[in-house]
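Before any comments, here is the structure.
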Amino acid sequence: IQKMFKEEAFELAKLKYFDEEYFNYFVGYLKSKYIEKGFVQVKVLGPSQTFYHSKKEAAIEYTIQEGQRAFVRNLSLEGLPPELESKLLAKIFNKVGVPFNPIAMTEDLKLVSKTMQDKGYYFAEITNINDVGLVTYSKSGADVDLRYVINSGPMVRLNRIIYLGNNKTRKKVIDKKIRLEPGEIITPDKTRNFEADISATGLFNSVTITPVRHSSKINTATDLIVKVSEREYGLI
């Protein structure tokens, strides 16, 4: 804690001057570090200030109530395709047996969705993010059960590309920027990259690329909608 206090110090505090702003900031910083280590009920009180020698020197005191440390007891990934389970378990932070880190859990949730989307489940989402059952504590607070309910949706593959808004721009100009063949999987990363490449031509005010969402739950080919808004230029 002493090391953290010195490393995070603002300029005045680094020089060992009295810096009330930093002393107050350190309360939140220290609390976040405890939470990352599984002390989710931690309380950090202070800073208490004691002045000496006509207020030329001061002592700063923090009172820490660590509370019960929580560990992940169970992790359930409901709806996850079996072939992705081992890959996700290797990447996420909150694994079974490790201290529960609610701060890192936000990134874990994003990672689950992104991993599925990168594999072609374009519309995959965790449906219970805002539900009470996402995180459950034992009575003692020492054990945590995590339950992710995943709606994977279909694996989205390209059927055809439909262009909208290119009233003056030839289709082949846009077509060169979309490196995707029929049958290939469509991912959010790919559509974002295509949008950036088409925007870089300078021909359009806006570019949006989205696949058509079908209700089918099996692997399906779908149309990719490329919608552009052309700039107004003079003619030479």
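Some points to look at:
- Dividing the helix sum by the residues of the chain, where each DSSP H run of 4 or more adds -39500 (n - 2.57), gives a mean residue ellipticity at 222 nm of -9000 deg cm²/dmol.
- The charge dipole of the range 1-103, taken about its Cα centre with unit charges on the Cβ of Lys, Arg, Asp and Glu (plus for the first two, minus for the last two), comes to roughly 260 debye.
- When nucleic acids and ligands are ignored and a 1.4 Å probe is applied, Asp175 ends up with an accessible area of around 70 Å².
- The range 1-54-the range 138-190 distance, computed between alpha-carbon centres (Å): 44
- Among Tyr17, Tyr163, Tyr122, the largest mean-square fluctuation in a Gaussian network model of the chain, built with springs joining Cα atoms closer than 10 Å, belongs to Tyr17.
- Our coupling estimate for the range 164-170, obtained by passing each phi through the Karplus curve with A = 6.51, B = -1.76, C = 1.60 and θ = phi - 60°, is 10, x, 8, 6, 10, 7, 5 Hz, Gly and Pro reported as x.
- Rounded to the nearest 20, the size of the Cβ-charge dipole of the chain about its Cα centre is 600 debye, with Lys and Arg at +1 and Asp and Glu at -1.
- Highest mobility in the GNM of the chain, judged by mean-square fluctuation with C-alpha springs under 10 Å and restricted to Ile150, Ile186, Ile198, is found for Ile198.
- Since only Ala70, Leu146, Leu109 are under comparison, the one whose Cα sits farthest along the positive direction of the charge dipole of the chain, derived from C-beta charges on Lys, Arg, Asp and Glu, is Leu109.
- The modelled label-to-label distance for the pair Lys3/Glu57, using points 7 Å beyond Cα in the direction of Cβ, is 2.7 nm.
- Leading residue at positive end of dipole, the range 124-167 (Cβ point charges), from Leu158, Thr136, Ala124: Leu158
- Values of log10 I(q)/I(0), in the order q = 0.07, 0.16 Å⁻¹, for the chain under a Debye, Cα-only, solvent-free model: -0.44, -1.05
- Fraction of accessible area attributable to carbon and sulfur, the chain (%, probe 1.4 Å): 51
- Each Lys or Arg adds one and each Asp or Glu subtracts one; over the other residues with Cβ under 10 Å from the Cβ of Lys14, this totals -2.
- Between Gln68 and Lys139, the contour length at 0.36 nm per residue exceeds the alpha carbon distance by 24.4 nm.
- Rolling a 1.4 Å probe over the protein heavy atoms gives the range 135-236 an accessible area of 62 Å² per residue.
- Net +/- balance of residues flanking Thr222 in space, Cβ distance below 11 Å, scoring K and R +1, D and E -1: +2
- Computed over neighbours whose Cβ is under 11 Å from that of Asn166, the net charge equals +3, Lys and Arg +1, Asp and Glu -1.
- Entries in Lys31/Lys56; Lys14/Lys91; Lys95/Lys190; Lys110/Lys190; Lys119/Lys171; Lys6/Lys139 that, when Cα-Cα distance is taken, lie over 26 Å: Lys31/Lys56; Lys14/Lys91; Lys95/Lys190; Lys119/Lys171; Lys6/Lys139
- The chain: most fluctuating residue of Pro99, Pro81, Pro188 per GNM, C-alpha cutoff 10 Å: Pro81
- The phi torsions of the range 31-38, fed into the Karplus equation with coefficients 6.51, -1.76 and 1.60 and a -60° offset, translate into couplings of 4, 5, 5, 5, 4, 4, 8, x Hz, rounded to whole numbers, with Gly and Pro shown as x.
- Pairs from the table (Lys3/Lys37; Lys33/Lys55; Lys114/Lys176) lying more than 23 angstrom apart at Cα are Lys33/Lys55; Lys114/Lys176.
- Share antiparallel - DSSP beta bridges, the chain, percent rounded to 5: 60
- Average accessible area per residue (Å²) across the range 5-83 - probe 1.4 Å, nucleic acids and ligands excluded: 68
- 0 to 90° range, to nearest 10: angle between helix 82-91 axis and the chain longest Cα axis: 40
- Ranking Met4, Met116 from most to least accessible surface, computed with a 1.4 Å probe over the protein chains only, gives Met4, Met116.
The values are calculated or read from the model by the stated rules, or taken from the named source; none is laboratory data. All of these numbers come straight from a predicted model, not from anything done at the bench. With ideal geometry, Cβ positions are generated from the backbone for all residues, glycine too; neighbour counts draw on all protein chains shown. Accessible surface areas use protein heavy atoms only, side chains included; no ligands, DNA or RNA. Shrake-Rupley method; radii C 1.70, N 1.55, O 1.52, S 1.80 Å.
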